[in-house]
1. For Cα pairs less than 8 Å apart in space and 6+ apart in sequence, what is the mean separation divided by the residue count of the chain, i.e. the relative contact order in percent?
2. At 1.4 Å probe radius, can you tell me the per residue accessible area of the range 62-112 in Å²?
3. Can you send over the carbon and sulfur percentage of the accessible area for the chain, probe radius 1.4 Å, protein chains only?
4. Stretched out fully, how many nm does the piece from residue 40 to residue 89 gain, at 0.36 nm a residue minus the Cα gap?
5. Could you provide, to the nearest whole Å², the per residue accessible area of the range 1-52 with probe 1.4 Å?
Amino acid sequence: MMGVPYYGYDWKLPFVQGGPFAQALGNQEAVIRAAKYGANIKYDVISQSPFYNYMDENRVMRVVWFEDSRSMMSKFNLVTKYGLRGVSYWVLGKPFPQNWVLLNSMFRVKKL
């Protein structure tokens, strides 16, 4: 089984070792926040994850890393490539409906 994150993180920049931990946020929250601050969502091809930078109301620079359909598809493809039994999600409870559509289109979901 592959563990898959079902959340994102909003980090204060510059990162300081031992500093405050990032704020966890849901995938849809990440997209809404990008729109709120006019941030351009980019996609890192090495990590296969979306991210963006923005400046908050206190003029503090921040970076958000999260999952989207592209990054989930990349993870699902690894499940197939390596013959894994499936995925398990870490931290459910945040809306991310695109994930379920993609999951059902790529796999036969078996509820135990």
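The values are calculated or read from the model by the stated rules, or taken from the named source; none is laboratory data. Values in this document were obtained by computation on a predicted structure and should not be read as measured data. Accessible surface areas use protein heavy atoms only, side chains included; no ligands, DNA or RNA. Shrake-Rupley method; radii C 1.70, N 1.55, O 1.52, S 1.80 Å.
1. On the way: 166 pairs, mean separation 38.3, N = 112.
With pairs under 8 Å counted, the relative contact order is 34 percent.
2. Values: 3600 Å² over 51 residues.
In whole numbers, the range 62-112 has 71 Å² accessible per residue.
3. Numbers: 4430 of 7440 Å².
Carbon and sulfur together cover 60 percent of it.
4. Values: separation 49, 0.36 × 49 = 17.64 nm, distance 2.69 nm.
Full extension from residue 40 to residue 89 adds 15.0 nm.
5. Working: 3130 Å² over 52 residues.
Solvent-accessible surface per residue comes out at 60 Å².
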